[in-house]
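The values are calculated or read from the model by the stated rules, or taken from the named source; none is laboratory data. Note that the structure is predicted; figures quoted are calculated from it, not measured. When we count neighbours, we look across all protein chains shown, and the Cβ atoms used for this are built from the backbone with ideal geometry, even at glycine.
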Amino acid sequence: MLKSLFESKGYRVTHNLKARGRSGTEHQIDLFLEYEEPLRTSRTVVEAKAYDKPVDKDRVMKLIQIVEDVGADSGILVTTSRFTPGALSIARGRNIDIWDRERLTSLMGELKLSALGDQPVAEFAPSISVVQPVLSIEDAQNQGQAQVEMLAKGGFLGAGKVIETLEKAELLLYPFFEVTAKVRVRHVEKTGLLSKREVATEAPVTVSFDAISGELVVASDEGVGFPFSHLPMLSAEELRVLKSVPSSFALNVIVGLGYSAYKARGIVSGLSGKGLLQTVVSGRYTHYKLTVKFPSDPTTLPSISSCHKPQDELPSEATRVPPRIDAGTAAKTVEDYWGGNVASVSTVYYPFYLLQYRTSDGGIRYEYLDALTGKANQILAKKRVLKTSKV
């Protein structure tokens, strides 16, 4: 089933691959994924095991070593159980993604729906529009060449200089879904001089999602931001807790949501391992502080179309990156986050210039420039998994 899931997302999958690493060690790889990007092929090692006990950090470290030894770009560790705090801590900040039982169940459920032909995307026929680039391809090339010259000089007395050449510049149209809906929003209303109450009302909103990763994004004059990249990583239970608890709380608050003490500790462990909670011990008492907040009011999240006026015309000589998720998934995310009724989903393409550099040792470096501001987008550069088609 995992093989079918990745194939449905456009990966080329090899099952039970034996690969010899740079160290000379032969590795048995459960699934080896390959995905065609604009200028390269990304490779991912997947280890999928059925475990009864929580997966510890040693298993994560082993996958990290395999990924490095075979020269893959990333790894995914899948378990039918959950991960210990140590395992979550080791994986954080590495090129390793971890799927616990909740996330696996969610993803496999999505595949089963697709196999049955019950696809929410059929309810939507997304219109397509494009934010037009401000910078020309020549501007991008000049900016890239200026960076090459600056790096070649290095710092004080030439320290740290990097010798590389600009090999290619390409205009990419990156996809975002914009979901228009009426959602339930809660706000505090004054009822008297010293009294107030919480009121729930319906409000029209348009919110934007990365159509590659499903991340909720916000737009501004500076471009597109990714402040909520942690949300797609959460299980349904973790998301519910994040939406429900105050900024500082004790374990019994989660128990009050209907979970057992054991389950509540597991949820706390998962959120802490993902860097979303801090544990505070005061004497005999332990409580937790959120390091992030759930975006409970979507009316405060500017969409791409509200900041940059998209047009119907596609730029010539552009490479369009097709969505990796479907419109129905974006619509369901809005319903999961805020409830309410979705009216429509549209596709908005945002322009970036992909610059390819070759270093003096033969290595390749990529940079993504915002085609409106000319600023490098570090978040987009980390995604790297892009499949394109000519406009």
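Observations, loosely collected:
- Meets criteria (in contact with a Ser or Thr (Cβ under 7 Å, 6 or more places away or on another chain) and not in a strand (DSSP E or B)) for V185: no
- Of G340, G328, G270, all but one fail to be in contact with an Asp or Glu (Cβ under 9 Å, 6 or more places away or on another chain), touching a residue at least 12 places away in the same chain (Cβ under 8 Å), surrounded by 15 or more Cβ atoms within 10 Å (Cβ to Cβ) and outside the structural domain of D370 (by TED's automatic domain parsing); the exception is G270.
- Of all the residues in segment 196-205, those that are modelled with pLDDT of 75 or more and not hydrophobic (A, V, I, L, M, F, W, C) number 3.
- Within segment 206-229, being of a type in the set (A, V, I, L, M, F, W, C), over 10 Å from the mean Cα position of the chain (by Cα) and surrounded by fewer than 21 Cβ atoms within 10 Å (Cβ to Cβ) holds for one residue alone: V218.
- Candidate set: segment 254-270, residues that are hydrophobic (A, V, I, L, M, F, W, C) and within 29 Å of the chain's Cα centre (by Cα); chosen: the one farthest from R92 (Cα to Cα): L257
Residue-by-condition table, conditions (1) part of a helix (DSSP H, G or I); (2) over 30 Å from T373 (Cβ atoms):
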| residue | (1), (2) |
| --- | --- |
| A219 | no, no |
| V224 | no, no |
| P232 | yes, no |
| L239 | yes, yes |
| P246 | no, yes |
| I254 | yes, yes |
| A264 | yes, yes |
| V268 | yes, yes |
| L271 | yes, yes |
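- Pair list, Cβ under 7 Å, 6 or more apart: segment 173-186 residue under 17 Å from P295 (Cβ atoms), other residue buried (at least 19 other Cβ atoms within 10 Å of the Cβ) and of a type in the set (D, E): F176/D210
- Residues (in a loop (DSSP other than H, G, I, E, B), touching a Ser or Thr at 6+ places or on another chain (Cβ under 9 Å) and surrounded by 14 or more Cβ atoms within 10 Å (Cβ to Cβ)) located in segment 312-321: V321
- Residue match in segment 274-292 (condition: in contact with a Leu (Cβ under 6 Å, 6 or more places away or on another chain) and of a type outside the set (S, T, Y)): yes
- Within segment 197-243, the set of residues being touching a Gly at 6+ places or on another chain (Cβ under 7 Å) and over 24 Å from S269 (Cβ atoms) comprises E202, V217, V218.
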